[in-house]
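Okay, so here's the structure we're looking at.
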Amino acid sequence: MKKKVLLRILRTSNNKENIQEVNGCCYGQDNKSNKGDYHKLCGQEFWEFVSGNSQLYVEIIQPLGYRAKERNDEFYAEYGRILNLFTNEFLKKFCENGNINWEKLVKLNSEKRIPKIK
């Protein structure tokens with residue numbers, strides 16, 4: 001929903017709460033968080049805002065790093081598997097005796113296709 005529409009709905013709904021837009025950034029610093037029509041919270045201020053814990057920005061780093069490494073290892077294993085499948089398919093379809101059949105590859109990519117009539 002667009003910002004202007006949302007603000008109009010809030011104004012006409014007898015909403016008594018003060019609603020303020022917040023732009024959150026997981027890292028960094030911004031000594032002037034009030035941007036007029038919204039607030040920008042960075043680093044420690046952001047993490048404290050979402051959690052109520054002023055030290056979360058430090059406490060969250062070690063678990064994130066550990067979990068990221070686990071995911072990285074899984075990603076690279078799967079990436080290697082898929083790369084091997086695609087390479088095998090490419091070799092079967094477009095290579096002869098270890099050489100790329102460029103004409104066949106270019107035709108696949110650029111040749112005019114005649115629609116099939118059913």
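Which residues, taken from the range 104-117, are exposed (fewer than 10 other Cβ atoms within 10 Å of the Cβ) and assigned to a helix (DSSP H, G or I)? Asn109, Ser110 - these are the residues of the range 104-117 that are exposed (fewer than 10 other Cβ atoms within 10 Å of the Cβ) and assigned to a helix (DSSP H, G or I).
Could you tell me whether the range 82-103 includes any residue that is in contact with a Phe, Trp or Tyr (Cβ under 7 Å, 6 or more places away or on another chain) and either surrounded by 10 or more Cβ atoms within 10 Å (Cβ to Cβ) or not assigned by TED's automatic domain parsing to the domain that holds Gly24 (or both)? Yes, the range 82-103 contains at least one residue that is in contact with a Phe, Trp or Tyr (Cβ under 7 Å, 6 or more places away or on another chain) and either surrounded by 10 or more Cβ atoms within 10 Å (Cβ to Cβ) or not assigned by TED's automatic domain parsing to the domain that holds Gly24 (or both).
So that you can scan it fast, the table gives a plain yes or no per residue for (1) in contact with a helix residue (DSSP H, G or I) (Cβ under 8 Å, 6 or more places away or on another chain); (2) at pLDDT 85 or above; (3) not acidic (Asp, Glu):
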site: Val5; (1), (2), (3): no, no, yes
site: Gln20; (1), (2), (3): no, no, yes
site: Lys32; (1), (2), (3): no, yes, yes
site: Gly36; (1), (2), (3): no, yes, yes
site: Gln44; (1), (2), (3): yes, yes, yes
site: Gly52; (1), (2), (3): no, yes, yes
site: Ala77; (1), (2), (3): no, yes, yes
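The values are calculated or read from the model by the stated rules, or taken from the named source; none is laboratory data. What you see is a predicted model; the values in this text were computed from it and never measured. Neighbour counts are summed over all protein chains in view; Cβ atoms, including those assigned to glycine, are modelled from backbone coordinates with ideal geometry.
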